[in-house]
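FYI, it's all coordinate maths here, none of it is from the lab. Computed from a prediction, not measured in an experiment: that's the story for all the values here. In this analysis, Cβ positions are derived from the backbone assuming ideal geometry, glycine residues included, and neighbour counts consider all displayed protein chains.
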Amino acid sequence: MPDATGLELIAQQVRENVADEAVTGTMYAREQATLEVAPEHVREVLAFLREAGEPWENLMSLHGCDYLPEEPRLGVHYQLLSMERCDRLCVKTRLGVDDPRLPTVIDLFPTADFQEREVFDMFGVFFEGHPDMRRILMPEDYEGFPQRRDFPMGGEPVLFTFNEGKFPRWYD
Amino acid sequence: MEVTRTPVDAGDLRVRQLRAQQMLRGELAGKDLDEFVEERLLFTTLETAQNWARKNCLFPLGFGLACCAIEMITVIGSPRNDLARFGAEAIRFTPRQADLLILSGRVSIKMAPIIRRLYDQMLEPKWVIAMGACSSTAGMFNNYAVVAGADKFLPIDIYVPGCPPRPEALIYGIMKLQDKIMGTPDMGWRERYRAEGTEEVE
């Protein structure tokens, strides 16, 4: 991971080369460098990082996250790896929960194909420009996005003597 | 049915064979025929004979779902547990030839229609064993991806608890299934609490 100073340098480069408002913040915690990016600029930032002097040319992971009490709720993380720097960088963006949309990065990083589909499947983030944006893990007629935190647990409550009054019993 | 075996010497065997031959030709009559029937024939109903044959040649479907499948394979496939003792070791890998489906593992909602189709493809008579906590009740997977109990979409004959069940437990379940096939199902807790006759019939 770049250290805190290195992260600030990267953030400054991004501000100069992409847009001033593209970087909304930086976070350096537990030796992990995270660049927080505005969702409308995430594609340009990733394109810039991929082409920069010592490029971050590998997308190791693209995944979603739901920070329920916080707003905006959803997050999408892009974990980048640079073989030249021997270093990793996390690019993070935050989205609201109604109609979350992001530009696809499938033309920059082909590995993003299935991972964007998974984020769509589990969190409902729609990636614009993706050639095949449909569910990947859940059945195609499934309703809802199961990894969101407000999604009901599902299954059936296990009955014990302390909670059997709370749930309707099988013979009721 | 109790069977006792006594050693037979070769001369006796020849005599018996000849008498059986005569009986089939209709040459035995009177006291000889009475004696032959008393000694050599066993009367039963066709259903009992059929069930006896069925329970002793169960063909399990070669079908595993999750971690219980490993345990299931050691039971139905390994000489150590030797399911051949109960006549159920011939694993069939097509549902058309199998008559016992062992649901070994959690049933995910994407797998449920496939299992239902396999079950529908099996020929009658067919039986299902839910092996382990997951296929019986979803077990620890209380979430969006797993069906809470395979009995939501399949009729299940035997539930074997455990996570995973011991091989003995699965063999015990298969023996209970054999009792059920014979038409004398185990009453389980009903027997223990003397609650027979209270079964809910729809």
What trypsin sites (Lys or Arg not before Pro) in segment B:53-96 are in a loop by DSSP, with at most 12 other Cβ atoms within 10 Å of the Cβ?
B:R80, B:R96
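In chain A, once you exclude exposed GluC sites (Glu not before Pro) (DSSP loop, at most 15 other Cβ within 10 angstrom), what's the longest stretch remaining?
Answer from the scan: A:85-139.
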Could you give the nm distance between label points at A:T5 and B:R92, where each point is 7 Å from its Cα heading toward the beta carbon?
7.5 nm
Report the convex hull volume per residue for segment A:4-128, counting only C-alpha atoms, in Å³.
101 Å³
Loop-resident sites, segment A:52-135, for chymotrypsin sites (Phe, Trp or Tyr not before Pro), counting at most 10 other Cβ within 10 Å (DSSP):
none
Taking Lys and Arg as +1 and Asp and Glu as -1, residues besides B:L33 with C-beta under 15 Å from its C-beta add up to -1
Under a crude label model (7 Å from the Cα following the beta-carbon direction), how far is A:E44 from A:D141 in nanometres?
4.4 nm
Taking N as the number of residues in the protein assembly as shown, the ratio of its alpha carbon radius of gyration to 2.2 N^0.38 Å works out to 1.58
How high is the relative contact order of chain A? Use alpha-carbon pairs under 8 Å, at least six apart in sequence, and give a whole percent.
16 percent
What is the ratio of the Cα radius of gyration of segment B:1-104 to 2.2 N^0.38 Å, with N the residue count, to two decimals?
1.65
Between helix B:67-77 and chain B, what is the angle of the helix's C-alpha long axis to the longest principal axis, kept within 0 to 90° and rounded to the nearest 10?
10 degrees
If packing is taken as the average number of other Cβ atoms within 10 Å across a peptide's residues, how do B:14-21, B:160-167 rank, most packed first?
B:160-167, B:14-21
Using label points projected 7 Å from each Cα along Cα→Cβ, tell me how many nm separate B:D34 and A:D98, to one decimal.
9.7 nm
Neighbourhood charge, 13 Å Cβ-Cβ cut-off, centred on B:A130 and excluding it, Lys, Arg +1 and Asp, Glu -1
+1
Which net charge results for the neighbourhood of B:C57, defined as the other residues with beta-carbon distances under 12 angstrom from its beta-carbon, given Lys and Arg at +1 and Asp and Glu at -1?
+1
Could you tell me the relative contact order of segment B:81-202? Use alpha-carbon pairs under 8 Å, at least six residues apart, and round to a whole percent.
21 percent
Residues of B:144-152, mean number of Cβ from any other protein chain within 10 Å of their own Cβ, rounded to a whole number?
3
Can you tell me the 0 to 90 degree angle between the C-alpha axis of helix B:30-40 and the longest principal axis of chain B, rounded to 10?
30 degrees
Using alpha carbons only, how many degrees (0 to 90, rounded to 10) separate the axis of helix B:46-55 from the longest principal axis of chain B?
50 degrees
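What trypsin sites (Lys or Arg not before Pro) does segment A:5-109 have in DSSP loop regions with at most 10 other beta carbons within 10 Å? Working shown, then result.
Working: sites: A:R15, A:R30, A:R43, A:R50, A:R73, A:R85, A:R88, A:K92, A:R94, A:R101; in loops: A:R30, A:R73, A:R85.
For trypsin sites (Lys or Arg not before Pro) across segment A:5-109 that sit outside H, G, I, E and B with at most 10 neighbouring Cβ atoms in 10 Å, the list reads A:R30.
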For chain B, modelled as a GNM with alpha-carbon contacts under 10 angstrom, which of B:G87, B:G26, B:G64 fluctuates the most?
B:G26
Taking the Cα centre of each part, how many Å lie between segment A:67-138 and segment B:149-177?
42 Å
Whether chain B is rounded, prolate or oblate, judged on the alpha carbon gyration tensor where a/c under 1.5 counts as rounded
prolate
